[in-house]
Amino acid sequence: MIKGRYNKDYLVSAVNGIINAGDNWRNVTADLKNQYAGIVIPDFMQIYENNNLHGRNGNKGWLITIPAGKINMKVSWDMSIDKGGWDMPSPAHRTTAIMESNTDYSLFIPGLSGQLWSPTFYCLALNDNQLLSAPHIGYNPATAIKNCPGTLGISAEGKAEISYAEVFDNVLYKFSNGGTNKQVSNGTPWTPVTAVSGYSYPLQGGSVMIGAENKASYQTFATNEGRHTPIRNAALSGHINGSNPWISDRSIPVVDGVPMSRRAAGITPDGDLVFFVSNRFSNTYNMVKNEKVNWNTPSDGSSLREVAVALQEVGCTDAIVFGESYFAPVVIKDSERGIPLGKTAGRYDWELTGKIKNPDQEGTTQSWMMFK
């Protein structure tokens, strides 16, 4: 038994990766297997559900745990279609297309989204020792800024590690802090087999890096990470107010502090991997508008700091957040098109039928993580 921060007990098993996350996190692995006959969940993978996330009744989230030694991650990256101002992922990166082209994998988690920032963030992507994308900000190679984002790496032994990381001459280096203007001499060569970067690194060495839920704390953290870019673009609009107009203040600190759907990866001291997923349905573009479809719940998601605190409480020492969106769900393989954790607008025609969308109409994302 190990003591976590806030004197909270948690247990990490090297056999099945189970984390005892307290009363609010309920292990639903067996329930999912019983509910969906064709679902594919490896014996070592455990899934937990929380309907009181961050102490808010009805707020819904999930944890997915994979123990060290059992982490077999594949990364896919695609920002190939030039839209005359930014790139966007191709149709091959839509959820169903990814699943159909990777049938030997069972868990599919979207990474960094396509174009929610202005300028656009491009993530680091490394698969099977092959560099797919080096991290940078801005679509134009002539003016793009190299950055050093929080990155999840998986070793040849199947252990997870998180660090700030940047690429120099096609070689990956890890750093003790984020930002720009890194020098090779200040980094350490890093050789994970697969790696993918996120948007932010709010839990580091057991400490939450955002001091409080206020704009000043978020602005300080964003500036320290080198991602205090001016604004978020239109793709964010529906995540907060449920309509097309942009929120009045789309600055990074405000957006980071607003609860919404988020995805994150945390690690334990032993290199176990813990994925965090929260959904926002209430008062957003993801809200179910057809009252006959009983999906409309009070779930409002997580702020960036809340993600870090939640993963800290279950025993993670480090965590990166991949993004916040409604369009690309976390999906578990089954005999058809997969079982998503929560209903998302980019996956369902919920306004009309409550049924899954045509695959050609699904949302897409620039990076995917897949696990066997």
Among strands (runs of 3 or more DSSP E) entirely within region 125-193, at least 2 residues that are small (Gly, Ala, Ser) and either modelled with pLDDT of 95 or more or within 23 Å of Met369 (Cα to Cα) (or both) occur in 150-154, 160-168
From the list Lys182, Lys159, Lys146, exactly one residue is over 26 Å from Gly363 (Cβ atoms), of a type in the set (D, E, K, R) and within 19 Å of the chain's Cα centre (by Cα). Which is it? Lys159
Tyr105 vs. criteria surrounded by 19 or more Cβ atoms within 10 Å (Cβ to Cβ), at pLDDT 95 or above and in a loop (DSSP other than H, G, I, E, B): yes
Kindly evaluate Glu161 against the criterion of being loosely packed, with under 14 Cβ neighbours inside 10 Å, among the charged types (D, E, K, R) and in contact (Cβ under 8 Å) with a residue 40 or more places away in the chain. no
Of all residues making up region 173-204, the number that are buried (at least 24 other Cβ atoms within 10 Å of the Cβ) and not small (Gly, Ala, Ser): 5
Give me the residue from region 325-365 that is closer than 21 Å to Ile47 by Cβ and charged (D, E, K, R) and, out of that set, modelled with the lowest pLDDT. Lys343
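The values are calculated or read from the model by the stated rules, or taken from the named source; none is laboratory data. These numbers come from a predicted model, not from an experiment. Every residue, glycine among them, receives a Cβ derived from its backbone with ideal geometry; neighbour counts consider all protein chains shown.
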